[in-house]
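Have a look at the structure below, then the notes.
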Amino acid sequence: MDIAEFLITQKPNYINVGDETDLFEAAFTNKIPVMLKGPTGCGKTRFVEYMAWFLKKPLVTVSCHEDMTAADLVGRYLLNSDGTFWHDGPLTIAARNGAICYLDEVVEARQDTTVVIHSITDDRRVLPIEKKGELLKADDDFHLVVSYNPGYQSVVKDLKESTKQRFCALDFEYPANEVETNIVCSEADVELEIASSLVKIADKSRNLKGAGLNEGVSTRMLIHAAKLSKNGLSLLSACEVALVNAITDDQEVRKALRTTISACI
Amino acid sequence: MEIKMSVHHKNRIKHAGYGQNVFKAYEDAVNKITIQIGSAFLQEFTNTVSYLCIKGGKAEAVLFCKRAAELRFKNLNDKMFFEWQKKISDVAKISPKACKVLLENNSTTTGSLDLSSWLDWIDTGLRYGANSIDNMADYFSLTNQVSLSFFNEHSGTLMFTNIKEQLKLELKSLFNITPDLIPNKIKFQSAAKQRSSFSDRVFLLPPTYIGSSKRALKTYQAAVFHMGAHLRYGKKSFEVGQLKPMQVAIVSIIEDARVEMLAGLELPGLNRLWTEFHDAPSSGINTAQRMFERLSRALIDPNFHTDDGWAEKGKRMFYQARDSWDDPRISRAIGNILGNELGQLRVQFNAKDYVPNPVYRDDNNELWAFPEAPSEDMQAHDLNVDLVEARRTTRGNKKNSKMQEETSENENEKYGIAKPSTVDEKSGRLIAKLPEFDYTANKLRKDWVSILEYRNRLGSSKYLDYIENEYSEVIQKSERLFSSLSLGPSKKLKRQAEGENLDLDASVDALISIRTKTAPEQNIFENRSKPSRSLAIHLLLDTSESTRALVPNSSKSILELEREAAAILVKSFNKTGDPFAITGFSSNGRHDVRIQTVKQFDEEFGMSNEMSLAGLASGYSTRMGAALRYCGTSFNKTLTDRKLILLVTDGEPSDIDVNDAKYLKFDTKRAVSELKNVQVDVFCVALGKQAGKHAEQIFGKSGCVSINNLSSLPTKLTNLYVKLTS
């Protein structure tokens, strides 16, 4: 495995909203694991990609899910014609090669899986690989980053306290209107007026968080709507498809969103 | 021949001693109606007039004749006329008082509804007032919220209550505010003048915008967004000071425009919405009302030009002050100037008749700080004193009980949660009010039926022992059957000794072990677990009067057999551990749906339950839909995967206050569908062929079974349960 495959060579489009890049860099320098907390589609993953590019470090990304086991992170023996061979998992690859390992939506994984990161996220910085009988010392440049959406927290799906306390956390919110407008403009390559209307819609929809919606419209959804509007679709139709239909099945909330969209355009 | 008939009928009324007034009214009506629809109506018409004279009074008969002559259903023909007068006659037979009220409003109601809707509206009224003539008269009077709500339902007018939740969401989204939205009290006759009003916590809205049916939703949206704009961009109230009523009105118009323009700058769609309602022509008569309307339009639409110099001046001043739109003082400043000019033009302003236009605009009362008590000054302004009083009592006053009652009544209650009540009835305890479906209006009527729990009559404490003896073989068979049942989702089991599929991880591990010359694990298969049993069942027993009847060739009544069947099931439930409840039901009208609780889910079956089961007694009628809904609420705290209501009945849904045979059937069908939507299954065991036919219509072929040999009920019920739950 060539770790260079995981390097990000092109600068990701990311606009700083606060001092998050400085904070991340400080955490990286001190090898403190970082937890990114924020609503879906607000730019957490894009931020990690940007930081990996900025720091010139490879980025190994894992999308966590309920069926993920410790072996999926650490590695397992596989079989080929020559016999068995050990295959490093993404966490081991990152630890061995000094990469950033990014566990996206870490709370989706079962708690008995996520505890595997404990020993590598405290001052020991070691990863026990029991099946190999190896105690891997993490490379100096290894850095663990996780993300999760606090809005989906539940009694069942939450990180253990012992896991949470190994991290420092950066809170992400949707960017300020002007910043978000610029993001939509540049990501979707649309005019300022369209981006501005879309951001206004998102801003209003976020008032419905907890009052009909789990989350308001995300920046990602706005970019989808903007891109759709470039291909001959009216902005109203683009919003219907990318925002209204995607975010909720509740008919009353849908009607309210349509009214909001009509008011903003 | 026709002329002969006509003379015959006229003579009948003339010589009956009803008096000259009745005869004259009758003759006028006959002449007018005959021209419209011919004379086929005469016989029944004459009969009705005669009946009314005898039972209701001559004044009522005169009123009937007048209304008959004025009847204006579209495409009126003799068949329609006959249906109309038959219904009037039906109401008169039940209550002459209610009929009088009905006739008084006849022009209004028949002018707003087509015949079919009008007949349905009457039928709803007969049901509504089945137990109270006063209620029935009230219903036909159209003078209160309830009667207007019913009427507007039938006329298809969009009711505020239908869209209230949508409006709330839209206000939260656009303005991030959450006021209470409450329907205003309204007299039907003054509905066209009704406007919304607001405080910082409450928006009062007309229950319906009369005459705006085609764009009713937009009217409500325009109204709430307008009030939202006032809250967002308005500052503290204006002092009335020495302002005359006309100046107050004009300042209010400017302020309305100011907040709308500010809101429209942020949300251009709102500006488009409000502009739609401004349709004042550019020229016309120079009354205050018309000039105000031209001014309003000119302010919101800079492209509107009018011949009215005064309105144009107002527009110029308003737009010149554009940079100061965020300052409410400009409204007063511009309003003062325009008010003085209008006074000099000697334009008359009648505060009593004035209504802010367009229809979506509020009454402007919140803009003004009024003196403490309504005074002569206020009368002079004639700003709606009632609304001011209502708002004064609610402004900053969270404890206003009237508003709170209305707020709590209007809260959106989830279907299926029975609303508990602490009211004690003399012979039964009111435990819930539940909805009922009126198929004629296609409406689920909230809180229509009252569920009352009655104290159980207690039977023998040795009842289960008796059952054990009587049905020992049946009980043993069923216990064997039940122990092999299971329900619920199965789970994937890895690393099993046996299974249909290989567990990949376990297999790889085993091979690795082999290659590394260590002993491999033998459990390399995947399997699925048996489904875990997860079912709650509510046994609902019909205890209506008809269950008192003896089963053919038996000394036992239908209810006795139902009790015995239930007792056998209890034995089986105890074996399997399924949570269960047992309830007996009957009804005596919609205000008295009678529940006898034998056992609830959260209690163990003990002696008191045994005695309650043994003591179930027959009586009254069978309001099935209500009983099913009540049972549905009993599952609220059960956590099982499956929930089942097993209904045992010997008849069709019926009750003493319902004449329409289809009404309760449709309601029961609707209840079944509602329960299915919340994952509660319903299965009906119908006793007898006739009951089986009705059950099939309501529950569908797969939702019921008919037991014709009633003596076999105890055995068959158990077998049925096994079949249903396996």
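Say whether the condition of being within 30 Å of residue A:80 (Cβ to Cβ), outside any loop (DSSP other than H, G, I, E, B), among the basic types (Lys, Arg) and within 14 Å of another protein chain (Cβ to nearest Cβ) is met by at least one residue in the range B:514-536. So far as the range B:514-536 goes, yes, one or more of its residues are within 30 Å of residue A:80 (Cβ to Cβ), outside any loop (DSSP other than H, G, I, E, B), among the basic types (Lys, Arg) and within 14 Å of another protein chain (Cβ to nearest Cβ). In a residue-by-residue description of the range A:219-226, the property of being out of contact with any Ser or Thr (no Cβ under 9 Å at 6 or more places or on another chain), among the hydroxyl-bearing types (Ser, Thr, Tyr) and under 30 Å from residue A:32 (Cβ atoms) applies to at least one position.
Residues in the range A:186-217 that are within 21 Å of residue B:268 (Cα to Cα) and free of Cβ contacts under 8 Å to residues at least 24 places away in the same chain: 6 in all. For the range A:248-265, a residue qualifies if it is of a type in the set (Lys, Arg) and within 7 Å of chain B (Cβ to nearest Cβ), and exactly one does: A:255.
Selection of the range B:542-556 for residues being at pLDDT 90 or above and over 36 Å from the mean Cα position of the chain (by Cα) yields only B:549.
Is it true that residue A:265 is closer than 25 Å to residue A:179 by Cβ and either surrounded by fewer than 21 Cβ atoms within 10 Å (Cβ to Cβ) or touching a Lys or Arg at 6+ places or on another chain (Cβ under 8 Å) (or both)?
Taking the combined requirement at face value, the residue satisfies it.
When the range B:585-602 is limited to residues that are among the polar types (S, T, N, Q) and outside any loop (DSSP other than H, G, I, E, B), the one that is farthest from residue B:544 (Cα to Cα) turns out to be B:597. Residue under question is residue A:58, and the condition is that it be outside the structural domain of residue A:217 (by TED's automatic domain parsing), closer than 28 Å to residue A:214 by Cβ and either modelled with pLDDT of 95 or more or not small (Gly, Ala, Ser) (or both); does it hold? No: the conditions fail for residue A:58.
Which residues, taken from the range A:123-152, are under 30 Å from residue A:214 (Cβ atoms) and surrounded by 15 or more Cβ atoms within 10 Å (Cβ to Cβ)? It would help to see each step written out before you state the result.
Just the residues of the range A:123-152 that are under 30 Å from residue A:214 (Cβ atoms), to begin with: A:144-152.
Hits for the range A:123-152 are A:144, A:145, A:146, A:147, A:148, A:149, A:152.
For the structure I just gave you, tell me whether residue B:142 is modelled with pLDDT of 80 or more, more than 14 Å from chain A (Cβ to nearest Cβ) and more than 13 Å from the chain's Cα centre (by Cα).
On the way: modelled with pLDDT of 80 or more: yes; more than 14 Å from chain A (Cβ to nearest Cβ): yes; more than 13 Å from the chain's Cα centre (by Cα): yes.
It is true that residue B:142 is modelled with pLDDT of 80 or more, more than 14 Å from chain A (Cβ to nearest Cβ) and more than 13 Å from the chain's Cα centre (by Cα).
Only one of B:544, B:554 is touching a helix residue (DSSP H, G or I) at 6+ places or on another chain (Cβ under 6 Å), touching a residue at least 40 places away in the same chain (Cβ under 8 Å) and hydroxyl-bearing (Ser, Thr, Tyr). Can you tell me which?
Details: B:544 fails: touching a helix residue (DSSP H, G or I) at 6+ places or on another chain (Cβ under 6 Å).
Of the residues listed, the single one that is touching a helix residue (DSSP H, G or I) at 6+ places or on another chain (Cβ under 6 Å), touching a residue at least 40 places away in the same chain (Cβ under 8 Å) and hydroxyl-bearing (Ser, Thr, Tyr) is B:554.
The number of residues in the range B:449-463 that are out of contact with any Ser or Thr (no Cβ under 7 Å at 6 or more places or on another chain) and buried (at least 19 other Cβ atoms within 10 Å of the Cβ) comes to 5. Elements of the type helices (runs of 4 or more DSSP H) sitting completely within the range B:1-58 and holding at least 1 residues that are among the basic types (Lys, Arg): these cover B:2-14, B:20-37.
Of all the residues in the range B:675-698, those that are crowded, with 20+ Cβ neighbours inside 10 Å and under 29 Å from the mean Cα position of the chain (by Cα) number 8.
Filtered by the rule that a residue be within 47 Å of the chain's Cα centre (by Cα), under 19 Å from residue B:264 (Cα atoms) and acidic (Asp, Glu), the range B:317-367 gives B:326, B:327, B:362. Might you check whether a residue that is touching a Lys or Arg at 6+ places or on another chain (Cβ under 9 Å), away from every other protein chain (no Cβ under 14 Å), under 30 Å from residue A:205 (Cβ atoms) and modelled with pLDDT under 85 occurs anywhere in the range B:171-183? Yes, because at least one residue in the range B:171-183 is touching a Lys or Arg at 6+ places or on another chain (Cβ under 9 Å), away from every other protein chain (no Cβ under 14 Å), under 30 Å from residue A:205 (Cβ atoms) and modelled with pLDDT under 85. Apart from one condition, residue A:187 fits all of (1) within 14 Å of chain B (Cβ to nearest Cβ); (2) more than 30 Å from residue A:111 (Cα to Cα); (3) surrounded by fewer than 21 Cβ atoms within 10 Å (Cβ to Cβ); the exception is (1). Looking across B:657, B:650, one residue alone is over 22 Å from residue B:431 (Cα atoms), crowded, with 18+ Cβ neighbours inside 10 Å, of a type in the set (D, E, K, R) and touching a helix residue (DSSP H, G or I) at 6+ places or on another chain (Cβ under 9 Å). It is B:650.
Looking across the range A:119-136, the residues that are out of contact with any helix residue (DSSP H, G or I) (no Cβ under 7 Å at 6 or more places or on another chain) and touching a residue at least 40 places away in the same chain (Cβ under 8 Å) come down to A:121, A:122, A:125, A:131, A:132.
Within the range A:197-240, being surrounded by fewer than 18 Cβ atoms within 10 Å (Cβ to Cβ), outside any loop (DSSP other than H, G, I, E, B) and within 13 Å of chain B (Cβ to nearest Cβ) holds for A:209, A:236. Given the structure, is residue B:309 modelled with pLDDT of 95 or more, more than 17 Å from residue B:358 (Cα to Cα) and either in contact with a strand residue (DSSP E or B) (Cβ under 7 Å, 6 or more places away or on another chain) or assigned by TED's automatic domain parsing to the domain that holds residue B:339 (or both)? Considered against the rule, which asks whether it is modelled with pLDDT of 95 or more, more than 17 Å from residue B:358 (Cα to Cα) and either in contact with a strand residue (DSSP E or B) (Cβ under 7 Å, 6 or more places away or on another chain) or assigned by TED's automatic domain parsing to the domain that holds residue B:339 (or both), residue B:309 comes out as no. The set of residues in the range B:634-660 being within 21 Å of residue B:577 (Cα to Cα) and not basic (Lys, Arg) consists of B:634, B:635, B:636, B:638, B:639, B:640, B:641, B:644, B:645, B:646, B:647.
What about residue B:264, is it modelled with pLDDT under 90, in contact with a helix residue (DSSP H, G or I) (Cβ under 9 Å, 6 or more places away or on another chain) and either part of a loop (DSSP other than H, G, I, E, B) or within 12 Å of chain A (Cβ to nearest Cβ) (or both)? Let's see the steps before the verdict.
Values: modelled with pLDDT under 90: no; in contact with a helix residue (DSSP H, G or I) (Cβ under 9 Å, 6 or more places away or on another chain): yes; either part of a loop (DSSP other than H, G, I, E, B) or within 12 Å of chain A (Cβ to nearest Cβ) (or both): yes.
Taking the combined requirement at face value, the residue does not satisfy it.
The values are calculated or read from the model by the stated rules, or taken from the named source; none is laboratory data. Keep in mind it's a predicted model, so treat the numbers as computed, not measured. Note that each Cβ is placed from the backbone with ideal geometry, even for glycine, and that neighbours are counted across all protein chains shown.
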